[in-house]
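**Q** Got a structure for you, written out below as structure tokens; questions coming shortly.
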Amino acid sequence: MTENWRIVNVEEAVGLRIAHDITMVTESTKGPILRKGEIVREDHVEVLKRAGHYLVAVIVEEGKGSEVVWEDEAVLKLAEKACRKGCSVRLMGEGKAYIVASRAGLLKIDHRRLLELNSSGDFLLITRKDGSWVHADDVIAVAELIPLYVNRGRMTEVLEGITEPLMEVKEALGLVAGLVVTGTEVYEGRVQDLAGPKVKRKLEAYGCKLGGKTVVPDDEERIAEGVRKAAAEHDLVIVTGGMSVDPSDVTPKAIAAAGADVLIYGIPVKPTTMSLLAYIDGKPVIGVSSGIIFFGRENVLDVLLPVICVGDGWTKEDIVGLGDGGLMDGFLEFAERKVKAAPSR
């Protein structure tokens, strides 16, 4: 028989099954006092009142039943419809379903359709930021129902409106990158290449691999030759060093001379702003400043590589938009130390 329900005083609920999870919140804990379907006992009465529950919903099995879909069932159905690629769903109780990444990759969100769902008045889908790089078992979204229950017809309407998933985790393609390290001082062996190992770690973090590596002096023709060769042999190219406005830094000109179409030079993120993105025969070429040596924790590679490593492309409009929120935590820590040390005016 379909479950029906009614609201009763907590004392009247003793011996009856509770209709939904009931939560207690304190400074140190948050969790259910009772789970849906549990029998209310005498010793629950005082606990429920202390949690502010003087009235509770209980299940009755009489009459014709109802067309009610309770919160747990509703959020489970929503979560299963919202994400079907690279994710799984876990019902957590208390009217929440977690959407969890089943693989590492780039989280893609359909903003417009997410906005429509969250404007419905019944459901909320709360996600990580679009473009986040996630790992297996990371929670990427939480589905919630605002009321305690929803009419079954309304539930059907919402689910039928989700004709395609609202989100997915795109898997890295295992692309192989060619690395061109510039700098006469490195080429002549005067200093060690410190950028290369950091590039390798970033590539691996986002599911790409480092292939061949070439070290060339600060010579436009030699750099251009290195870029052309790396592009011919790899899926993408990363060029380090020589990216500033110093007249002796020729890397940007050399990348263009290699036949690359420079999409943008000067990327609105901090650190490593003086970087560029170009394409040669459809393959990405990232020219990254030597700032990655100092700012190894987070830099422009953490912005560009997640998108590139899953096979997606960048537009100039996308990159220009990075300025909103482009100050990374590592740079802010650095900048704030400098501000505190500077003399006040």
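Just so you know, all these numbers are worked out from the coordinates, no wet-lab data involved. No experiment lies behind these values; they were computed from the predicted model shown. Counting neighbours? That spans all protein chains shown, and the Cβs are built from the backbone with ideal geometry, glycine included.
**Q** Under 24 Å Cα to Cα from Lys213, which lysines show up? Leave out anything in the same chain fewer than 8 places away.
**A** Straight-distance partners of Lys213: Lys198, Lys200, Lys202, Lys229, Lys253, Lys283.
**Q** Next up: Taking every pair of Cα atoms in segment 167-267, average 1/r, invert it to obtain the Kirkwood radius, and report Rg/Rh to two decimals. Working shown, then result.
**A** Numbers: Rg = 14.1 Å, Rh = 14.2 Å.
Expressed as Rg/Rh, it is 0.99.
**Q** Equivalent-ellipsoid semi-axes (√(5λ), Cα gyration tensor) for the chain, whole Å, largest first? Let's see the in-between values first.
**A** Working: eigenvalues 625, 99, 49 Å².
They are 56, 22, 16 Å, listed largest first.
**Q** Mean separation of Cα pairs under 8 Å and 6+ residues apart, divided by the residue count of segment 176-332: what relative contact order is that in percent? Let's see the in-between values first.
**A** Values: 315 pairs, mean separation 35.3, N = 157.
Here the relative contact order equals 22 percent.
**Q** At 10 °C and a viscosity of 1.306 mPa s, what translational diffusion coefficient does Stokes-Einstein give for segment 4-60, taking Rh as the Kirkwood radius over Cα pairs? Give it in µm²/s as a whole number. Walk me through the numbers before you get to the answer.
**A** Numbers: Rh = 11.1 Å.
Roughly 143 µm²/s, to the nearest whole number.
**Q** Related question: Under 5 Å between amide H atoms, partner at least 5 residues away or on a different chain: which partners does Asp138 have, H built in plane at 1.01 Å?
**A** Ala101
**Q** Restricting everything to alpha-carbon atoms, can you work out Rg to Rh for segment 176-332 with a Kirkwood hydrodynamic radius?
**A** On the way: Rg = 14.1 Å, Rh = 15.2 Å.
In segment 176-332, Rg relative to Rh is 0.92.
**Q** Here is a further query. Using a simple charge model, +1 on the beta-carbon of Lys and Arg, -1 on the beta-carbon of Asp and Glu, nothing else, what dipole does the chain show about its Cα centre, in debye to the nearest 20? Intermediate results must be reported in sequence, preceding the final value.
**A** Values: 43 positive and 53 negative charges, 104 e Å.
Charge dipole, the chain, about its Cα centre: 500 debye, nearest 20.
**Q** 5 Å is the cut-off here: which amide hydrogens, built 1.01 Å from N in the peptide plane, fall below it relative to Cys83, excluding neighbours closer than 5 in sequence?
**A** Leu166
**Q** Tell me which residues come under 5 Å, amide H to amide H, from Leu16 once H is placed; ignore anything under 5 positions away on its chain.
**A** Val40
**Q** Could I ask something else about it? Students often check this: by mean Cβ neighbours within 10 Å, which of 27-36, 295-304 ranks highest, and how do the rest follow? Numbers along the way, then the final one.
**A** On the way: 27-36: 12.7, 295-304: 21.0.
Final packing ranking: 295-304, 27-36.
**Q** Hey, if you put +1 on the Cβ of every Lys and Arg and -1 on every Asp and Glu Cβ in the chain, which of Met155, Leu203, Tyr187 ends up farthest toward the positive end of that dipole?
**A** Among Met155, Leu203, Tyr187, the one farthest towards the positive end of the dipole of the chain is Tyr187.
**Q** Which GluC sites (Glu not before Pro) in segment 53-135 pass both tests, a DSSP loop state and at most 15 other beta-carbon atoms within 10 Å?
**A** On the way: sites: Glu61, Glu62, Glu67, Glu71, Glu73, Glu80, Glu94, Glu116; in loops: Glu61, Glu62, Glu67, Glu94.
Those that pass, being in a loop and sparsely packed, are Glu61, Glu62, Glu67.
**Q** With θ set to phi - 60° and the Karplus curve 6.51 cos²θ - 1.76 cosθ + 1.60, what are the ³J(HN,Hα) couplings of segment 91-105 in order, to the nearest whole Hz, using x for Gly and Pro?
**A** Taking θ as phi minus 60°, the curve returns 6, 9, x, 6, x, 10, 10, 9, 9, 10, 5, 9, 7, 6, x Hz for segment 91-105.
**Q** So what is the relative contact order for the chain, in percent, with contacts set as C-alpha pairs under 8 Å and at least six apart? Intermediate values should be presented prior to the final figure.
**A** On the way: 716 pairs, mean separation 41.9, N = 345.
RCO, the chain: 12 percent.
**Q** Residue by residue, what Karplus-based ³J(HN,Hα) values in Hz, rounded to whole numbers, does segment 200-205 have, using 6.51, -1.76 and 1.60 with θ = phi - 60° and x for Gly and Pro?
**A** Working through the residues one at a time gives 4, 5, 5, 4, 5, 4 Hz.
**Q** Continuing with the same structure: Give the distance, in whole Å, between the Cα centre of segment 242-309 and the Cα centre of segment 1-44.
**A** If we compute the Cα centre of each part, the gap is 58 Å.
**Q** Could you tell me which of rounded, prolate or oblate describes segment 68-167, using a ≥ b ≥ c as the square roots of the eigenvalues of the alpha-carbon gyration tensor, with rounded for a/c under 1.5 and, failing that, prolate when a/b is larger than b/c and oblate otherwise? It would help to have the intermediate numbers written out before the result.
**A** Numbers: a/c = 2.09, a/b = 1.54, b/c = 1.36.
Prolate, because a/c is 1.5 or more and a/b exceeds b/c.
**Q** Continuing with this model, one more query. Near Gly52, within a Cβ-to-Cβ distance under 14 Å, what is the net charge of the other residues, with Lys and Arg +1 and Asp and Glu -1?
**A** Working: positive: Lys30, Lys49, Arg50; negative: Glu46.
My count for the surroundings of Gly52 gives +2.
**Q** Once both axes come from the Cα atoms, what is the angle between helix 220-233 and the longest principal axis of the chain, in degrees from 0 to 90, rounded to 10?
**A** Rounded to the nearest ten degrees, it is 50.
**Q** Remind me, relative contact order of segment 4-60 in percent, using alpha carbon pairs under 8 angstrom and six or more residues apart?
**A** Numbers: 103 pairs, mean separation 29.5, N = 57.
Relative contact order for segment 4-60 comes out at 52 percent.
**Q** Report the one residue of Leu76, Val89, Ala231 whose Cα lies farthest in the direction of the positive end of the charge dipole of the chain (charges on C-beta: Lys and Arg +1, Asp and Glu -1; origin at the Cα centre).
**A** Ala231
**Q** Kindly write out, for segment 246-260 in residue order, the coupling ³J(HN,Hα) from the Karplus curve 6.51 cos²θ - 1.76 cosθ + 1.60 (θ = phi - 60°), rounded to whole Hz, with x marking Gly and Pro.
**A** 4, x, 7, 8, 10, 4, x, 5, 5, 5, 5, 5, 6, x, 7
**Q** Between beta-carbons, use under 12 Å as the cut-off and find the net charge around Ala205, counting Lys and Arg +1, Asp and Glu -1.
**A** On the way: positive: Lys198, Lys200, Arg201, Lys202, Lys209, Arg297; negative: Glu204, Glu298, Asp302.
Residues near Ala205 contribute +3 overall.
**Q** Identify the residues of segment 202-229 with backbone N under 18 Å of a label point that sits 7 angstrom from the Cα of Asp261 along the Cα-to-Cβ direction, or state none.
**A** 228
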